[in-house]
Amino acid sequence: MTAGPLDAELAAFCESGVSIVVACRGPDGWPIVGLAVACAADAAAQRLRLILSREPNRALLSAVAQSGALAATFSQPGSHRSIQFKGGALREDAAHPDDIRRAAEQTDAFCRTLVQAGYSEALASAYCAHNPADLATLSFSPSDAFLQTPGPGAGGALPR
């Protein structure tokens, strides 16, 4: 196993149907933010494969291709647990059938979480909606991980 910040527990958290916010620096230095709908996490290989809709994330994908680095924050609405990974060694690919399946499963789980948190089913469904034909993947190797859960430890690096 390669040493790195992604362990089996964090990998399971990333795949559990959480909010995934992706960001990088644009060519002008300002942040560009997008949303992923799902994730495939491989702790042994230290790789995160983000599954995202191509059309609404066009600017993000372009900026990531230029910068070679990104940050992805995974947040669970019910507990407010949030973990951020930063890294590089990026690769964009077309979504495969497994990615499409993961997107459906994880967005269904996230939609249920939003409804349990008090959001209307209509709003939760709209937020989680995606077109399987428009999905792409963005794989990267996380070099650092940070606790972003609100509280006294927020922003602290997670142990490797």
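Values quoted throughout were computed directly from the atomic coordinates according to the rules given, and no laboratory measurement underlies them. Note that the coordinates shown come from a computational prediction; the quantities given were computed from them, not determined experimentally. A quick note on method: Cβ atoms are made from the backbone with ideal geometry, for glycine too, and the neighbour counts reach across all protein chains shown.
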Q: Take every Cα pair under 8 Å in region 37-98 that's 6+ residues apart, average their separations, divide by the length, and report that relative contact order as a whole percent.
A: 22 percent
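Any chance you could list the semi-axes, whole Å, largest first, of the equivalent ellipsoid that the Cα gyration tensor gives for the chain, using √(5λ)? If you can, show how the numbers build up before the last one.
Values: eigenvalues 95, 78, 50 Å².
Equivalent ellipsoid of the chain: 22, 20, 16 Å, largest first.
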Q: Provide Rg and Dmax in Å for region 5-56, with only Cα atoms included in the calculation.
A: 12.6, 37
**Q.** FRET E, pair Ser75, Asp28, Förster distance 30 Å, beta-carbon r, rounded to 0.05
**A.** 0.65
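So what is the relative contact order of region 8-147, in percent, for Cα pairs below 8 Å that sit 6 or more residues apart?
Numbers: 281 pairs, mean separation 42.3, N = 140.
Reported as a whole number, the value is 30 percent.
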**Q.** region 73-160: projected area of the alpha-carbon convex hull, averaged over directions, in nm²
**A.** 6.9 nm²
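For the chain, what is the calculated [θ] at 222 nm in deg cm²/dmol (nearest 500), taking -39500 (n - 2.57) for each run of four or more DSSP H residues and dividing by its residue count? Kindly include the intermediate steps, with their values, before the conclusion.
On the way: 4 runs with 45 residues, N = 160.
Taking each H run of at least 4 residues, the total per residue is -8500 deg cm²/dmol.
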